[in-house]
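Right, one structure below, let's go through it.
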Amino acid sequence: MPQIPAPFPAARARRLRRNEWMRDLTRENALSVSDLIWPLFVRDGTGIEEPVSSMPGVMRRSIDKVVEAANEAANLGIPVIALFPYTDATKKTSDCAEAVNPDNLVNRATRAIKAAVPDIGIMLDVALDPYNSDGHDGLVQDGIVLNDETLMMLEQQALVQAEAGADILGPSDMMDGRIGVIRRALEGNEYFDTAIMSYSAKFASAFYGPFRDAVGASGALKGDKKTYQIDAGNADEALRMVARDLDEGADMVMVKPGMPYLDICTKVKSEFRVPTYAYQVSGEYAMIEAAAQNGWIDRDKVMMEALLAFKRAGCDGVLSYHAFEVAQRLRKDMDFF
Ligand code: PBG
């Protein structure tokens, strides 16, 4: 139970809100650069930075430009970037063969970044959707997303990504049994130190809409992802998924989307006390940018407040498309470490 304050006027809450230094002194949670994971979209070509229309300010970058961005992020102290491939439509097939190609776009980008910017962590999604002509995270047969057959693909995908140099694998596919399969494959192939951040509490959400545009999956997606992602009404189930993934070998867990699911973040952290992350997803980013463009909110203030909320909710870090800009601001305001 929180300490019950003395009655007024012995206690005046406003004494601690009186001015900026007092508020700084008594603030319980803070956001720092080391809390940030920056998602980046990769496309083919050279010298390209192509805007994503549904996510103002976000680009699809060719590998050389992703390397530049990774270098700038490392200079700011951002610990990890998460790479997502925008795969050419001609490389999307129903067998998702490109997912397990050791030289696919995301694996080439990973190698290039590792060579040029060795000090930044690289996280890669394990899921078939960027490579699937059906747009789903798993193999589809007769309209059904197949679980066990998909696991065999995810295992191969994880191995080629680990081989390319990924530091953290983020299984985001929501197939049952995936964490165990991936962990066994990593151990069996001597990738002892490849970490898994499981998208454990990943909800079937309309907030992913702009991301699917960014990776070119929205046109391809047939139906929705409700047969594998968690129903928006379920908190107990999300906790069971976290327990299961930890049991199967996840090192870190994630809640996704972020802001509409802050209650889940708090529950996961208080129940399991493990490294817990949230993904502030594309729809959350787009809402902030769109409202700001209309002059309805103060963009910069909302951007910082929304991320601080994740720390207050119990998260150890957050994936955010605002990460780069936020890191620049934090560095400017508090460069004393
Ligand atoms: C797919 C994946 C998605 C996101 C990350 N990995 C979309 C989905 O599940 O459809 C969403 C990220 C975002 O919306 O910012 N495996």
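Return the Rg/Rh value of region 16-135, two decimal places, where both radii are evaluated on C-alpha atoms and Rh is the Kirkwood radius. Kindly include the intermediate steps, with their values, before the conclusion.
On the way: Rg = 18.3 Å, Rh = 16.2 Å.
In region 16-135, Rg relative to Rh is 1.13.
Our analysis of region 193-337 gives Rg over Rh at 0.99, with the two radii drawn from alpha carbon positions and Rh computed by the Kirkwood formula. Each of PRO7, GLY317, GLN141 was scored by the projection of its Cα onto the charge dipole of the chain, and the greatest displacement toward the positive side belongs to PRO7; charges sit on the C-beta of Lys, Arg, Asp and Glu.
Take the alpha carbon atoms of region 180-225, find their center, do the same for region 50-110, and report the distance between the two centers in whole angstrom. Rounded to whole Å, the Cα centres lie 15 Å apart. On the principal axes of its alpha carbon atoms, region 143-219 extends 38, 26, 21 Å, with the longest extent given first. For the chain, the share of accessible area belonging to carbon and sulfur comes to 51 percent (1.4 Å probe, ligands and nucleic acids excluded). Relative to the current alpha-carbon distance between ALA11 and GLU187, full extension at 0.36 nm per residue lengthens the span by 57.7 nm. Peptides 57-70, 290-303 ranked from most to least packed by the mean count of surrounding Cβ atoms within 10 Å: 57-70, 290-303.
Every helix of 4 or more DSSP H residues in the chain counts as -39500 (n - 2.57), and over all residues that averages to -11500 deg cm²/dmol at 222 nm. Of the residues ALA162, MET22, ALA292, the one whose Cα sits farthest towards the positive end of the charge dipole of the chain is MET22 (charges of +1 on Lys and Arg Cβ, -1 on Asp and Glu Cβ, taken about the Cα centre).
Relative to the compact globular guide of 2.2 N^0.38 Å, what is the alpha carbon radius of gyration of region 240-301, as a ratio?
Numbers: Rg = 15.1 Å, N = 62, 2.2 N^0.38 = 10.6 Å.
After normalising by residue count via 2.2 N^0.38 Å, the value is 1.43.
Can you give the charge dipole size of the chain about its Cα centre, rounded to the nearest 20 debye, using +1 on the beta carbon of Lys and Arg and -1 on the beta carbon of Asp and Glu?
Numbers: 37 positive and 50 negative charges, 331 e Å.
Using Cβ point charges on Lys, Arg, Asp and Glu, the chain gives about 1600 debye.
For region 30-336, the solvent-accessible area of protein heavy atoms averages 40 Å² per residue (probe radius 1.4 Å; ligands and nucleic acids excluded). Taking amide H as placed 1.01 Å from N in the peptide plane, the amide H of ILE196 sits under 5 Å from that of LEU169, ASP251, MET252, each at least 5 places away or on another chain.
Note down the Stokes-Einstein diffusion coefficient of region 30-336 in µm²/s, whole number, using a Kirkwood radius over alpha carbon pairs, 25 °C, and 0.890 mPa s. Walk me through the intermediate numbers first.
Working: Rh = 19.2 Å.
So the translational diffusion coefficient is about 128 µm²/s.
Each residue of region 158-167 is assigned a 3J(HN,Hα), and the resulting list reads 4, 5, 5, 6, 5, 4, 5, x, 4, 8 Hz, derived from the Karplus form 6.51 cos²θ - 1.76 cosθ + 1.60 (θ = phi - 60°), x at Gly and Pro. Protection proxy ranking for 127-133, 89-95, using the average of other Cβ atoms within 10 Å per residue and placing the highest first: 127-133, 89-95. Each residue of region 219-230 is assigned a 3J(HN,Hα), and the resulting list reads x, 6, 5, 9, x, 10, 10, 6, 7, 10, 8, 6 Hz, derived from the Karplus form 6.51 cos²θ - 1.76 cosθ + 1.60 (θ = phi - 60°), x at Gly and Pro.
The values are calculated or read from the model by the stated rules, or taken from the named source; none is laboratory data. Nothing here was measured: the structure is a model prediction, and the numbers come from that model. With ideal geometry, Cβ positions are generated from the backbone for all residues, glycine too; neighbour counts draw on all protein chains shown. Note: areas computed on protein heavy atoms with side chains; ligands, DNA, RNA excluded. Shrake-Rupley method; radii C 1.70, N 1.55, O 1.52, S 1.80 Å.
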